[in-house]
Ligand code: IVH
């Protein structure tokens with residue numbers, strides 16, 4: 001194809017000879033034209049097509065890509081007070097004086113889907129969706145069809161990942177749905193879903209036919225700083241050719257930022273795209289660096305959400321679901337109603353107390369609300385005075401018939417059936433193989449139910465024994481040699497898998513993916529965690545883990561207290577042999593060491609000091625013991641310092657600590 005040759009010539013002129021003949025915009029137009037031709041005439045696609053320079057269009061499901069820097073989420077705030085508290089927290093963390101100004105940027109929170117665009121030597125080489133924040137999907141050919149996304153940059157850092165939202169404008173969304181309706185195709189619930197569905201197409205020509213847009217709001221990996229502040233860096237992105245929201249502002253004070261929030265909220269209905277709040281970011285990038293992250297969200301940014309949207313409808317039915325921990329959860333089935341652009345037909349009713357607090361019965365008219373991504377909930381019963389049959393909360397599990405009881409001081413009612421309850425067993429197994437846990441392809445809900453009914457699956461360890469049933473499975477309807485072998489291979493691939501994901505998969509109460517990682521960062525292996533949790537100082541040892549509070553510590557102790565859990569775990573560990581935790585933090589001489597901070601620190605807060613220790617791969621502990629490697633003592637240090645001296649542990653002051661940090665990270 002002549003066009004492809006032409007593009008290749010411009011590539012050489014640009015990259016090898018530094019003598020481009022056409023502008024970046026003209027180049028982009030050529031690339032897009034070529035892509036359209038390829039889409040229309042696939043038999044003409046050249047093996048060296050410029051559209052497939054990096055990773056050809058994935059066939060089948062979109063290929064997974066690991067982000068060079070994780071794509072984070074944001075902490076939410078719903079009130080002025082929470083925003084003010086955010087700024088106070090920033091001040092405290094950085095130990096700033098009362099008078100020290102903290103400038104923020106404020107910009108709309110676009111209701112789209114985030115996308116990371118990686119440029120190397122000015123060329124777009126990878127576009128990826130956020131996915132779970134660590135691993136996203138490769139949507140490069142699709143992103144190349146979006147006009148707002150430059151294919152080529154001039155004067156950009158050698159490596160630059162631009163992050164922003166892919167979205168669909170309100171008018172384009174309405175027109176798309178009208179076209180969909182005319183052709184009896186799928187109607188999208190809102191612009192966000194339409195944008196997500198359009199970007200995540202296997203066939204880029206489908207994406208090309210959808211009116212997608214892009215707004216940049218940040219960056220990931222970058223080989224040189226884009227500026228000294230967020231505002232400067234965003235301005236740099238703008239000059240590089242990225243669209244930036246018109247409402248992006250730098251605000252000197254929190255009051256200015258709140259005023260800008262009010263202005264954006266006022267303009268909301270007239271904006272061309274859907275937004276669900278305002279994002280604030282600490283303007284100084286050196287401060288952002290020091291503030292770092294907690295769990296999955298930066299300490300330097302905050303999403304100030306608009307108030308929830310409400311609607312009225314009828315509560316048709318109250319159903320009780322049984323979760324993997326046996327918890328009975330009432331779910332309300334509603335007459336479907338639109339709330340803020342989304343059709344809602346189910347609500348969580350939380351627990352028995354919530355039902356009696358609202359006096360809910362089947363048939364009541366209710367007011368429901370939906371705030372952001374939160375599951376919709378009932379806020380008011382509009383007909384509680386009308387006579388109606390009261391709802392009787394079950395005292396037996398609706399699935400296995402075992403007694404359902406509330407633990408002392410708990411509102412939740414749980415089925416006491418444990419592993420004999422199919423709901424719990426199946427829910428636990430589903431969780432064990434889910435994406436964030438063992439992520440076993442081919443072991444979906446139906447299959448788990450089938451194998452459980454056959455008596456092949458009791459606990460998670462049995463998954464690693466499924467190979468024993470190969471012959472029986474081959475005789476069953478719907479199972480062919482290939483599907484059986486694929487499943488068994490997918491299971492086999494999980495021998496020696498990540499311990500943090502296995503621990504998360506166990507479904508211990510309060511142990512989410514992040515806490516599982518925190519625990520393994522500290523203990524290294526599940527066996528070491530078990531030993532600590534069954535030892536004499538279990539509560540204290542567990543609470544010393546960064547991110548673990550008393551409720552989590554108690555849940556772990558409770559789990560290991562049950563003999564059948566220990567047996568099952570031993571069985572599982574013997575079969576799955578998970579790999580010890582490997583931290584993705586930098587390896588330094590401090591990796592794996594334990595540091596205790598004591599006394600008052602003067603140039604930084606205790607939280608910042610702990611975060612610094614973690615960045616070196618060390619863990620910050622609360623008390624001094626023979627296992628402590630370093631004590632950082634400020635003025636007023638008392639018994640911990642004394643103990644360190646007795647034990648002959650190295651003690652340094654704050655200044656020396658700063659040198660250690662600079663030396664290890666610099
Ligand atoms: S900053 C590290 N700015 O909101 C900070 N995010 O709830 C990460 N979003 O995944 C994002 N508009 O996709 C930022 N102006 C904006 C945004 C924005 C929308 C999305 C983003 C993120 C999600 C978090």
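The values are calculated or read from the model by the stated rules, or taken from the named source; none is laboratory data. Please read all numbers here as calculations on a predicted model, not as lab measurements. Cβ placement follows ideal geometry from the backbone for every residue including glycine, while neighbour counts extend to all protein chains displayed.
Residues that are within 14 Å of the ligand (Cβ to nearest atom) and not in a strand (DSSP E or B) were ranked within region 69-83; the one that is farthest from the chain's Cα centre (by Cα) is 78.
If you go through region 272-290 and keep only what is part of a loop (DSSP other than H, G, I, E, B) and within 11 Å of the ligand (Cβ to nearest atom), you end up with 273, 274. The lone criterion from (1) at pLDDT below 85; (2) more than 21 Å from residue 296 (Cβ to Cβ) left unmet by residue 625 is number (1). From the residues in region 297-321 that are crowded, with 16+ Cβ neighbours inside 10 Å and touching a helix residue (DSSP H, G or I) at 6+ places or on another chain (Cβ under 9 Å), which one is farthest from residue 279 (Cα to Cα)? Here the residue is 318. Could you please find all residues in region 112-149 being assigned to a loop (DSSP other than H, G, I, E, B) and more than 16 Å from the chain's Cα centre (by Cα)? Selection gives 121, 122, 139, 144, 145, 146, 147, 148, 149.
For every residue, the table says whether it meets (1) over 19 Å from residue 320 (Cα atoms); (2) outside any helix (DSSP H, G or I); (3) free of Cβ contacts under 8 Å to residues at least 24 places away in the same chain.
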residue: 384; (1), (2), (3): yes, yes, no
residue: 387; (1), (2), (3): yes, yes, yes
residue: 398; (1), (2), (3): no, yes, no
residue: 405; (1), (2), (3): no, yes, yes
residue: 408; (1), (2), (3): yes, yes, yes
residue: 431; (1), (2), (3): yes, no, no
residue: 451; (1), (2), (3): yes, no, yes
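How about region 130-158: which of its residues are within 16 Å of residue 219 (Cα to Cα) and within 16 Å of the ligand (Cβ to nearest atom)? Matches in region 130-158: 130, 133, 134, 136, 149.
Tell me which residues, restricted to region 286-296, are farther than 24 Å from residue 521 by Cβ and surrounded by fewer than 18 Cβ atoms within 10 Å (Cβ to Cβ). Of everything in region 286-296, just one residue is farther than 24 Å from residue 521 by Cβ and surrounded by fewer than 18 Cβ atoms within 10 Å (Cβ to Cβ), namely 286.
Only one of 155, 122, 133 is on the phi > 0 side of the Ramachandran plot and buried (at least 16 other Cβ atoms within 10 Å of the Cβ). Can you tell me which? The conditions single out 122. Of all the criteria given as (1) within 15 Å of the ligand (Cβ to nearest atom); (2) over 22 Å from residue 309 (Cα atoms); (3) surrounded by fewer than 20 Cβ atoms within 10 Å (Cβ to Cβ), the one not satisfied by residue 181 is (1). Between 238, 268, the distinction of being within 28 Å of the chain's Cα centre (by Cα), within 23 Å of residue 78 (Cα to Cα), free of Cβ contacts under 8 Å to residues at least 60 places away in the same chain and away from the ligand (no atom under 12 Å from the Cβ) belongs to 268 only.
Cβ-Cβ under 9 Å, sequence separation 6+ or interchain: first residue in region 291-312 and closer than 26 Å to residue 376 by Cα and away from the ligand (no atom under 11 Å from the Cβ), partner modelled with pLDDT of 95 or more and part of a loop (DSSP other than H, G, I, E, B). Which pairs? If the second residue must be modelled with pLDDT of 95 or more and part of a loop (DSSP other than H, G, I, E, B), the pairs left are 312/382.
Please name all residue pairs, on different chains or six or more residues apart, with Cβ atoms under 6 Å, provided the first residue is in region 94-113 and is closer than 16 Å to residue 256 by Cβ and the second residue is more than 16 Å from the ligand (Cβ to nearest atom). Here the result reads 102/87; 103/252, each pair linking region 94-113 to a residue that is more than 16 Å from the ligand (Cβ to nearest atom). Listed by first and then second residue, the pairs linking a residue in region 315-339 that is on the phi > 0 side of the Ramachandran plot to a residue that is modelled with pLDDT of 90 or more and not in a strand (DSSP E or B), with Cβ atoms under 8 Å apart and 6 or more places separating them unless they lie on different chains, are 326/397. Could you say whether any residue in region 629-639 is surrounded by 14 or more Cβ atoms within 10 Å (Cβ to Cβ), touching a strand residue (DSSP E or B) at 6+ places or on another chain (Cβ under 6 Å) and in a helix (DSSP H, G or I)? No, because not a single residue in region 629-639 is surrounded by 14 or more Cβ atoms within 10 Å (Cβ to Cβ), touching a strand residue (DSSP E or B) at 6+ places or on another chain (Cβ under 6 Å) and in a helix (DSSP H, G or I).
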